[in-house]
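The values are calculated or read from the model by the stated rules, or taken from the named source; none is laboratory data. Because the structure is predicted, anything quoted here is derived from the model rather than measured. Cβ coordinates were reconstructed from backbone atoms using ideal geometry, including for glycine residues, and neighbour counts include every protein chain displayed. Heads up: the accessible areas ignore ligands, DNA and RNA and are worked out on the full protein's heavy atoms, side chains in. Shrake-Rupley method; radii C 1.70, N 1.55, O 1.52, S 1.80 Å.
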Amino acid sequence: NARHVPPRFRCVSKLPRDQKQVIVRGMESKKGSAVHPIRIALLLALTYILLCTVYIALSTQLAAASSDSLHRLATIEKVKGISFVLISGALFYFISLKLLKRIAVQSELLHEQRKALVVSDRRAMAGSIAVSVAHDMNNQITVMHVGLDELSALPEVRAHEAFRFIKCAVEDLNRLSRQLLNMGRQNMTMDFQRAHVRDIVEEVIELIGRHPRTRDCRITMSVGSDLDMRLNVAVVSQMLFNLVLNAADAIKGHGMIQVRGYLSGNDVVLEVHDNGPGIPVDQRKEVVKPFFTTKESGHGLGFISVNVCAEIHGGTVEILDSDLGGCCVKIALPVQPPSAF
């Protein structure tokens with residue numbers, strides 16, 4: 001399970017249903033009995049006003065009864081007033097000191113919880129990226145296995161073609177391993193380089209055509225030859241690789257897939273189209289989230305590389321309807337990504 005369950009709740013899941021209901025009702029009753037600051041403050045203020053009123057009335061009456069002259073009455077009132085101020089000040093001091101100490105402890109606890117949450121988020125993100133890279137490496141290993149099978153069956157004069165595919169897969173594995181090594185660093189732009197987008201798309205289509213899930217698919221491309229930009233080649237390649245595999249799954253391994261690339265303003269736009277059933281509008285925001293999948297045997301890892309690619313290039317991801325009748329995944333990458341500087 002990708003989500004962490006606190007230890008105190010793990011044992012609850014093993015309890016009988018009636019005991020769970022008792023625990024839930026107890027938690028709900030605690031929520032209902034939470035302290036209301038406005039009520040407490042109002043109650044304290046009214047109590048203070050009542051006590052002060054009673055004190056002033058009784059002390060004034062006693063002072064008048066025990067005074068035989070105006071001078072003595074004035075002295076008693078002065079002592080009474082100073083005593084009231086001193087006692088009230090002391091009470092306010094101790095009450096405010098206790099409250100401020102409590103606030104300081106809670107602030108420190110909140111600060112520690114925030115730090116723990118940041119560390120937890122970083123670990124979760126690192127784990128997600130690591131799982132995604134492992135998923136992408138497995139795709140390349142599959143291509144290598146297919147290439148090795150073809151290499152063993154081909155005559156020696158044609159073996160160099162299968163060897164070339166295996167070499168491309170090994171190079172992609174090498175880039176993915178570097179991505180894992182760089183994952184812990186703050187910046188993944190160390191692998192940015194200027195490249196032709198068309199060359200990347202051609203290599204991906206040529207390589208993925210050997211994958212068992214795309215063998216019976218018709219994969220075409222329409223990418224301008226003038227698309228040149230700084231980018232992370234490994235990340236963009238794996239993004240396209242996963243999108244084409246997802247499209248192949250959508251069309252059940254038989255159908256049309258088209259990769260398009262063009263310049264739109266200051267963005268290089270890459271689109272992967274298919275003629276499958278498409279993605280319902282109400283699922284388009286969910287499908288790009290890590291570990292979300294609609295496949296029975298899926299893991300929800302394909303879109304992690306898409307999100308990583310868009311993030312490090314300062315781009316965006318959209319899911320649209322394709323003019324082929326299925327789905328279109330659109331990725332817009334700035335020609336000069338902010339992360340590349």
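Looking only at region 215-270, count every residue that is of a type outside the set (Lys, Arg) and touching a Phe, Trp or Tyr at 6+ places or on another chain (Cβ under 6 Å) and tell me the total. Give the derivation first.
Here is the first cut: in region 215-270, the residues of a type outside the set (Lys, Arg) are 216-217, 219-229, 231-251, 253-259, 261-270.
Retained after the next criterion (residues that are touching a Phe, Trp or Tyr at 6+ places or on another chain (Cβ under 6 Å)): 224, 232, 269.
Residues meeting the conditions: 3.
GLY298 satisfies every condition listed in (1) small (Gly, Ala, Ser); (2) touching a strand residue (DSSP E or B) at 6+ places or on another chain (Cβ under 9 Å); (3) at pLDDT below 90 except (2).
Quick test for you: out of LEU97, LEU73, LEU86, pick the one residue that is modelled with pLDDT under 85 and more than 28 Å from ALA116 (Cα to Cα). Checking each option against the conditions leaves just LEU73. Of all residues in region 258-272, none that is more than 23 Å from GLY326 (Cβ to Cβ) has its Cβ atom under 6 Å from the Cβ atom of a residue that is outside any strand (DSSP E or B) and open to solvent by 70 Å² or more (accessible area, probe 1.4 Å), 6 or more apart or on another chain. Among the residues of region 326-334, is there at least one that is modelled with pLDDT of 90 or more, under 23 Å from the mean Cα position of the chain (by Cα) and under 23 Å from ARG210 (Cα atoms)? Yes, that holds for at least one residue.
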